[in-house]
Structures are given as structure tokens and as C-alpha cells.
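See structure below.
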Amino acid sequence: MRDPKRTPGGEAMTPLILDLLRLNSLILTSGDRLVAGLGLTSARWQILGAIDAADRPQPVAWLARDIGGNRQNVQRIVNDLHRDGLVTFEPNPHHRRAHLVVMTEKGRKAFAAAMKLQTPWVNHLTEGLTVDEIGSVRRVVAALRERLDQGQDADAANVS
């Protein structure tokens, strides 16, 4: 069996993936610094954002799915948020043990403060970039995410 060869797309994608991994790390570090004064981390901020974006209270498993996270990691962060009074748990009428996660008033204030800090930060990041350029990158990232979500990566890797 011969070693597989990368297609031109595969050759172009490999350094892009490495750049995206580095970018993810830089975004998390920058986000941590941005919201540290609010007692948040990027991870906590992300969970509060998922709660805020949901149209109704959700259990931890659904929040994890929405952010593409691991349920156990999300549960740990939600427990920390609960300990700090940023979220509370409510009974779930559809599942006895999977309580619904609800942002408290303290959590809403912390999230709103984080979003106020995010506005100048994100505006600065976009300087020199066009809306079309940002849209193009977003479409590529969305297509990659969709393929990975559907497990297409594993199917292709097993092709001989």
C-alpha cells in the first residue's frame, strides 16, 4: 500500500489548520485578559453567551452541544458559575436529573459587562479587513465545522 498523497487542497489546508489552532489559543488568552477583571475566563464567558443565546433554559448537555464542547468540561464550568452565583439550576420538567441552567441577575450583569468590553476589542481586530474578507473566512470555517460535525473527517481518513 502506498502512502497517501495530499491533494492541493490538503496542502493548503494543513498550514491553515495550524494557523487556526494558534489563533484559537490567542483568542482564548486575549479573552481571558479582557474579562479577568470581571471574575470571568473565556470559557465562563462562552458558557454565559450560550445561555444568553438560547431561547429557553437548557441542560448542560445541550449547552455543550451548542458550543461544541465536552459535556463534562461544560458541567465543571457551570458548577463554577453556580458557585459564584452567576447561574442557578431549575428543575427540568422533561428530565429529573438534567437540571436547566439559568443565568442569575449577577450573571446577566457580568455577561453584559463582558460584551461591552468585547466591542472595542473586536472592532480593533477587524481594522484593515473588509466585511467580504471576514465573510469568506467565516464560510470556510463553517464548511469545515459542518464536515467535522458530520464525521466526514473520519470517513475520509479510512479511505485506502
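Some points to look at:
- The residues of the range 42-88 that are surrounded by fewer than 19 Cβ atoms within 10 Å (Cβ to Cβ), more than 18 Å from the chain's Cα centre (by Cα) and under 18 Å from Ala112 (Cβ atoms), listed by number, are Asp84, Gly85, Thr88.
- Of the helices (runs of 4 or more DSSP H) entirely within the range 59-148, those holding at least 3 residues that are among the β-branched types (Val, Ile, Thr) occupy 71-83.
- When Leu20 is tested against (1) surrounded by fewer than 18 Cβ atoms within 10 Å (Cβ to Cβ); (2) in contact (Cβ under 8 Å) with a residue 60 or more places away in the chain; (3) in contact with a strand residue (DSSP E or B) (Cβ under 8 Å, 6 or more places away or on another chain), only condition (3) is not met.
- Single residue of His82, His94 found to be within 16 Å of Gly49 (Cα to Cα) and not aromatic (Phe, Trp, Tyr): His82
- Just one residue in the set Ala98, Ala112 is out of contact with any Ser or Thr (no Cβ under 8 Å at 6 or more places or on another chain) and modelled with pLDDT of 95 or more; that residue is Ala112.
- Filtered by the rule that a residue be β-branched (Val, Ile, Thr) and surrounded by fewer than 17 Cβ atoms within 10 Å (Cβ to Cβ), the range 89-114 gives Val102, Thr104.
- Boolean, Trp45 is in contact (Cβ under 8 Å) with a residue 60 or more places away in the chain and either in contact with a helix residue (DSSP H, G or I) (Cβ under 9 Å, 6 or more places away or on another chain) or assigned to a helix (DSSP H, G or I) (or both): yes
- Residue match in the range 27-38 (condition: basic (Lys, Arg) and under 16 Å from the mean Cα position of the chain (by Cα)): no
- A Cβ distance below 6 Å, combined with a sequence gap of six or more or placement on separate chains, defines the contacts here; from the range 94-123, residues that are in contact (Cβ under 8 Å) with a residue 12 or more places away in the chain and charged (D, E, K, R) reach residues that are surrounded by 13 or more Cβ atoms within 10 Å (Cβ to Cβ) and in a loop (DSSP other than H, G, I, E, B) in the pairs Lys106/Leu86.
The values are calculated or read from the model by the stated rules, or taken from the named source; none is laboratory data. In this text, all values refer to a predicted model and were calculated from it rather than measured experimentally. In this analysis, Cβ positions are derived from the backbone assuming ideal geometry, glycine residues included, and neighbour counts consider all displayed protein chains.
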